[in-house]
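Participant: Once you've had a glance at the structure underneath, I'll fire off some questions.
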Amino acid sequence: MKQSFDPANHDDVDIYELLIGLIVPRPIGWIGSMSREGVRNLAPFSFFNAVAASPPTVLFSTIRAGGARKDTLTNIEETGVFTVNVVTEETVDAMNLTAGRYAPSVDEFELTGLAGVPGTVVDAPMVGEAKSNLECRLSQVVPIGTDGPVAASVVIGEVVRVHVDGAILDGMRIDQESLRAVGRMGGATYTRTHDLFSLDRPS
Ligand SMILES: Cc1cc2nc3c(=O)[nH]c(=O)nc-3n(C[C@H](O)[C@H](O)[C@H](O)COP(=O)(O)O)c2cc1C
């Protein structure tokens, strides 16, 4: 038997738990940004996806817990640019390390030892070890909710450059077996992407 939940009658955090356990697997946008003072920042966001191809557009959502802003949001609003770095099995531990709550003065590239490669068209750092990086310009920030523990800001960006390791490219297609992408399930659970299957679409 199904149980039903009206979000109006539950804690925001409980509804958040339901959503992150049900909307799975989620891709992880590993977002590189830079403060106005030039401090590099790197953090993962799994409220993330590609949402359009013309212009190519990605979005992710930063939670503003009780009004507190994450460094990523502050940096992107200040500079108008960011990068998305694709998380794979090879980089998943480093990704997890960058999710720690560090002061704005902390450079997560130095913290992890990851290679911070400057963007070629935007002034934001890319993860050298990632098999793909997207350079993005901020399109808009959309606030969701006003206060409370899980109000959010959705950051929408236009992809202005795509970098892909040639070893995972088959023409313009990505070889999924070689990519070895990692997705986020609920809480601290992740999934690998080895168990692939195909479906032919109805004509
Ligand atoms: C896999 C993963 C996914 C995450 N997804 C999100 C998310 O979608 N939104 C969010 O606000 N925080 C998310 N976080 C938490 C942020 O990464 C964390 O708060 C980080 O410290 C933010 O860094 P910043 O203050 O440098 O921007 C996620 C953490 C992990 C490990």
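Just so it is clear, none of the values below were taken in a lab; they were calculated from the coordinates. Worth saying up front: this structure is predicted, and the values here are computed from it rather than measured. In this analysis, Cβ positions are derived from the backbone assuming ideal geometry, glycine residues included, and neighbour counts consider all displayed protein chains.
Participant: Restricting everything to alpha-carbon atoms, can you work out Rg to Rh for the stretch 54-117 with a Kirkwood hydrodynamic radius?
Facilitator: With Rg and the Kirkwood Rh in hand, the quotient comes to 0.97.
Participant: Hey, how many Å between the Cα centroid of the stretch 54-132 and the Cα centroid of the stretch 161-203?
Facilitator: Rounded to whole Å, the Cα centres lie 20 Å apart.
Participant: Now for a different question. For K2, K70, what ranking results if the residue with the fewest other Cβ atoms within 10 Å of its Cβ goes first?
Facilitator: Numbers: K2 3, K70 20.
Placing the least packed residue first, the sequence is K2, K70.
Participant: Would you please report the Å³ per residue occupied by the convex hull of the alpha carbon atoms in the stretch 32-186?
Facilitator: Output value, Cα hull per residue: 118 Å³.
Participant: Among H163, H10, what is the fewest-to-most ranking by other Cβ atoms within 10 Å?
Facilitator: Result, fewest neighbours first: H10, H163.
Participant: Could you check what % of the DSSP bridge pairs in the chain are antiparallel, to the nearest 5?
Facilitator: In the chain, approximately 100 percent of DSSP beta bridges are antiparallel ones.
Participant: List V127, V86 from most exposed to least, where exposure is judged by having the fewest other Cβ atoms within 10 Å.
Facilitator: V86, V127
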